Amino acid sequence: MKTKMYMTFPATLTNTPVTYELIKRFDLKLNILKANIDFNLMGSLLYDIEGPSKSISEAIEYLQNLGLNVDLIPSVITIDENRCTDCGLCTSVCGIKALTIAAPDWKLNFDPAKCVGCNHCIPVCPSRAISGLVPEPVL
Ligand code: SF4
Ligand code: SF4
């Protein structure tokens, strides 16, 4: 199973090495896409996570018992097809080509597995068709 995991945790847990624990205890493959750690306020992490469903479920239970809020999110953005006009503007800012548009139909195509949640596509959409599910870090 491969999906994305988003977690938030209080300041008291910002020193807990959760990434290390997920790899060591549950043998999961992790790729950190976004990290925001403020030692006085809170932290958040967005991962690509891969491993057996059972290991991922056990890891979520472990994190929740520690006091973290954990969500599995198959996609970091959503695109409202009723608003999208297939103008293609968003594809120009998506460097990893999670958003593409091509012949013959010139319809927008989104690959959630490639998306890293940078949110760069959101402000360029003239139709406001794109929504992000993970907030930008507050600096
Ligand atoms: S959030 Fe970033 S990676 Fe994902 S589709 Fe938008 S521009 Fe591409
Ligand atoms: S910029 Fe907005 S309207 Fe244009 S293709 Fe992307 S999602 Fe659709």
*Out of curiosity, is GLY43 crowded, with 16+ Cβ neighbours inside 10 Å, assigned to a loop (DSSP other than H, G, I, E, B), out of contact with any helix residue (DSSP H, G or I) (no Cβ under 6 Å at 6 or more places or on another chain) and among the small types (Gly, Ala, Ser)?*
no
*From the list ASN109, ASN119, which residue is of a type in the set (S, T, N, Q), within 13 Å of ligand 1 (Cβ to nearest atom) and without any contact (Cβ under 8 Å) to a residue 24 or more places away in the chain?*
ASN109
*asked:* Please count how many residues of the stretch 57-113 are buried (at least 16 other Cβ atoms within 10 Å of the Cβ) and among the aromatic types (Phe, Trp, Tyr).
replied: 2
*Hey, LYS54 without any contact (Cβ under 8 Å) to a residue 60 or more places away in the chain, within 16 Å of ligand 2 (Cβ to nearest atom) and either outside any loop (DSSP other than H, G, I, E, B) or not aliphatic (A, V, I, L, M) (or both) or not*: no
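Rundown of residues vs (1) closer than 20 Å to LYS4 by Cβ; (2) within 16 Å of ligand 2 (Cβ to nearest atom); (3) in contact with a strand residue (DSSP E or B) (Cβ under 6 Å, 6 or more places away or on another chain), yes/no style:
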position: MET42; (1), (2), (3): yes, no, yes
position: ILE60; (1), (2), (3): yes, no, yes
position: THR100; (1), (2), (3): yes, yes, yes
position: ASP111; (1), (2), (3): yes, yes, no
position: PRO126; (1), (2), (3): no, yes, no
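Bear in mind these aren't lab numbers, they're just calculated from the coordinates by the rules spelled out. Remember, predicted model here, so these are calculated numbers, not experimental data. Using ideal geometry, Cβ is built from the backbone for each residue, glycine included, and neighbour counts are taken over all protein chains shown.
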